[in-house]
Structures are given as structure tokens and as C-alpha cells.
Amino acid sequence: MANVTLRNVRKTYTGGFEAIKGVNVDVADGQFCVLVGPSGCGKSTLLRMVAGLETVTGGEIDIGGRVVNQIEPADRDIAMVFQNYALYPHMSVYNNMAYGLRNRGMAETEVKSRVEEAARVLELTSMLERKPRQLSGGQRQRVAMGRAIVRQPKVFLFDEPLSNLDAKLRIAMRVEIRKLQRRLNTTSIYVTHDQLEAMTLADVLVVMNGGQVEQVGNPLAIYEKPATTFVASFIGAPPMNLMSTRADEIKSQLNGAATEAGILGIRPEDFVITDQTPAGGVALPLTVEAIERVGAETFIYGSREQEEQRVAATPGELPPGEVIVRIPGTEAPAIGARIRVAAIRPKLHLFSGDGRTRLEA
Ligand SMILES: Nc1ncnc2c1ncn2[C@@H]1O[C@H](COP(=O)(O)OP(=O)(O)OP(=O)(O)O)[C@@H](O)[C@H]1O
Ligand SMILES: [Mg+2]
């Protein structure tokens, strides 16, 4: 077991593109760390540097108290599970899991005991003689996990391991991966662009954007207090509503809390439909443009009044005038209806005008 520490890690690819611009992350022994962010933000680059598959341009990568920048991948005591896990099609499940160990010259009795133990925890014992083509997608994914587990590494590295699976299987495997990691207690770094996967798996969530870390912390703490508008709109679905506090009606209702032009954020689930204006909170008149009923809840897409549409272009901001409201159940107003929604003061998020700073009001 080992902790993983990244100190001011940088990566410039040949050609001069700076993919990682100084990243600091601390993953304690046994923790599950998730790197999340949009496509191209540098998640795979960072993970591949930890694995030793990419050179490090600057900074230090420390695994278990040892700087590994110059250490070969095979000597880092890590095991990686990729999206394209490519099992050997002509080999049985058993041999797929045993292959890497035999390559390292491990004694066959030890290979057998490790493969059988991994098969047991992954519930693959009855399938050890099958070929990959005789398995379901989820079972194949478990074999890929098995190949990593038998190595008994200090650190697991996962790069979008579930993205080839259908939605239902993804959820099932997500739960299995978390249970497995808790049982093995192996430090893990997991890359995904799926914020829900990130929220549910992480002990430590690292939100990345453009080669930099936007915010690090406990997933629920990040959800409750996003540090920037980027994080506010990336974590949570549908995304947080963001609007300029210059809209006159909103500003007066904030009772002077926002002294300068800023951005007001309200999560869709924090609105209620009401004619009241809560003290210190905000109320918005909306025209209902669209309704989505998904069973347990309903999404209302409303447009704000003309007066409130003077919205500055800021990172992560919703299209001008659109507000998403999330209400439980299936009862919803009619399309075209004019409604008022409100949010109480503790549910308001305030950011600086550039979206880079959270303002505590
Ligand atoms: N070998 C390379 N040479 C030059 N640029 C590269 C190379 N590999 C990746 N990049 C660039 O570095 C940036 C980060 O890429 P990376 O693969 O780390 O993104 P990612 O966050 O994993 O994205 P995705 O979610 O799409 O997998 C991208 O802009 C990419 O084009
Ligand atoms: Mg990637």
C-alpha cells in the first residue's frame, strides 16, 4: 500500500503544447481518488505520467515516499486498467489473468493461488476456462480488473474503464469497483469525464480544466461549495443555473450581499415554485418553455423575462435567459405558463464576475 503525491507536475508534449500546467494532488494510502474534467483537460496525460508511460516535464511524482520520475513503469508497483482492456482472445480467462505473472517468472503455485483468489472476489470462478468471446461485456471487464488485481500492486490506475459498457452495466460495475477497492484497500486513481461516476466513487475528487486543477476535495463538499463557476456547472446534473447579479431584480433581493457585479448560481433542485419571495433569497418570474418528465422528477426549462437577460458571457454560463428547475414527481405547469420560482438564501452561490472566485456572502 502507498500514498501518491503529485508536486507541481507539468507536461509539455513535443511540439510545445502544455497539457499539464502544474498539478498538486495528495492521495492518502488506501484512498480512491477520481480525476474528472472535460475531454482534453489532461486526465489521461496525468494518469499516464503516474504510470510511467509518459515522461514528466516538471515537478515530482511520489509513490509510497519514493520519487518515481525516472523509474520504469514495470518497477513502479502499479497496475492499470484501460477503457480498451483488450483481453487475449485465444486464451482462457485463467490464462489471461495468469499471463502477466508468468511473464515475470512467478512460480506456478503462486500464480494459481493469486488467480483463484482474484476469480473468487470477482465472481469469475465458474468461468475460468471460458474464452473472452464467451463472456458478457461486464464479465470481460471483470477479467481486465482481475489482471490488475493478481499483480497485487501498491496503486491501481483506471482510465475510463467503464466507458465501453452500456448504461445499466456501467452502474453495476461502478458499484463493484467501489466494493472491490474497499475490500482490497488499495490506493486508486480513477479517470472519468462522467461527473456522476466521479461523485459516487471518489474519496477525493480532483476537478480538472485546461491542464490545471480547479478544485480538490470531498465530492459532497465540492457539490455544496464549488470554488468556481466551472466546477459549479461541471459537478451536478442538470448543471447549476448561473446568471449575472446585475439583473436588477435579483440584485435588490440579495440585500446588498453582492456589492459588485458577480455571478449568482442556483442548482435546479434548489428552486421551488411559489409566489412568495423568501427573506434574503431570490425569486424569478419564468415562462415555461419545455418540460421533461423522467419519472421520479421533472425538469422545467424556463426563460427569464427580458429585463433579466443582460447576462455577461462567463465560463460555464447557461445560454442567456434559460433556467432549469428540478422538481420531484410528475406534476408540472403547462408549456407557456408563467410561473415564479424562488430559492432561499442558504441555497445561493455567489461568484466573482470572472467566475474564478467563490464569494462568501
Ligand atoms: N502525444 C501527444 N502529443 C501532443 N499533444 C497531446 C498528446 N497526447 C495528448 N495531447 C493533448 O493533450 C491534451 C490532454 O490530452 P488527454 O488525453 O490527457 O486528455 P483527457 O482529459 O484524457 O481527454 P479525454 O476525456 O478525451 O480522454 C489534449 O489537448 C491532447 O490533444
Ligand atoms: Mg483520456
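The values are calculated or read from the model by the stated rules, or taken from the named source; none is laboratory data. No experiment lies behind these values; they were computed from the predicted model shown. Positions of Cβ are generated from backbone atoms using ideal geometry, with glycine treated the same way; all protein chains shown enter the neighbour counts. All accessible areas refer to the heavy atoms of the entire protein, side chains included, with ligands and DNA or RNA removed. Shrake-Rupley method; radii C 1.70, N 1.55, O 1.52, S 1.80 Å.
Points worth noting:
- Yes/no for residue 39 being part of a helix (DSSP H, G or I) and either within 14 Å of ligand 2 (Cβ to nearest atom) or open to solvent by 10 Å² or more (accessible area, probe 1.4 Å) (or both): no
- Among the criteria (1) part of a helix (DSSP H, G or I); (2) open to solvent by 10 Å² or more (accessible area, probe 1.4 Å); (3) touching a residue at least 60 places away in the same chain (Cβ under 8 Å), the one residue 47 does not fulfil is (2).
- Failed condition for residue 160, given (1) surrounded by 18 or more Cβ atoms within 10 Å (Cβ to Cβ); (2) more than 16 Å from ligand 2 (Cβ to nearest atom): (2)
- Taking the conditions (1) at pLDDT 95 or above; (2) within 12 Å of ligand 2 (Cβ to nearest atom) in turn, residue 84 satisfies each one other than (1).
- Taken as a whole, the condition of being at pLDDT below 90, open to solvent by less than 60 Å² (accessible area, probe 1.4 Å) and assigned to a strand (DSSP E or B) applies to residue 351.
- Across segment 50-66, the qualifying residues are those that are on the phi > 0 side of the Ramachandran plot and either out of contact with any strand residue (DSSP E or B) (no Cβ under 7 Å at 6 or more places or on another chain) or open to solvent by less than 10 Å² (accessible area, probe 1.4 Å) (or both), and the one among them that is nearest to ligand 1 (Cβ to nearest atom) is 52.
- Single residue of segment 14-45 satisfying the filter (hydroxyl-bearing (Ser, Thr, Tyr) and more than 29 Å from residue 185 (Cβ to Cβ)) that is farthest from ligand 1 (Cβ to nearest atom): 14
- Residue in segment 183-198 that is in a helix (DSSP H, G or I), of a type in the set (Val, Ile, Thr) and at pLDDT 95 or above present: no
- Where residue 241 falls short, out of the listed (1) at pLDDT 90 or above; (2) more than 24 Å from the chain's Cα centre (by Cα): (2)
- Number of positions in segment 67-123 that are open to solvent by 60 Å² or more (accessible area, probe 1.4 Å) and under 13 Å from residue 145 (Cα atoms): 7
- Taking the listed residues 247, 202, 221, the one that is at pLDDT 90 or above and open to solvent by less than 30 Å² (accessible area, probe 1.4 Å) is 202, with no other qualifying.
- If you go through segment 8-36 and keep only what is assigned to a strand (DSSP E or B), open to solvent by 50 Å² or more (accessible area, probe 1.4 Å) and closer than 14 Å to residue 216 by Cα, you end up with 24, 26.
- Flag for residue 195 being crowded, with 19+ Cβ neighbours inside 10 Å, within 16 Å of ligand 1 (Cβ to nearest atom) and polar (S, T, N, Q): yes
- Matching option when the condition is away from ligand 2 (no atom under 13 Å from the Cβ) and under 19 Å from the mean Cα position of the chain (by Cα), among 50, 67: 50
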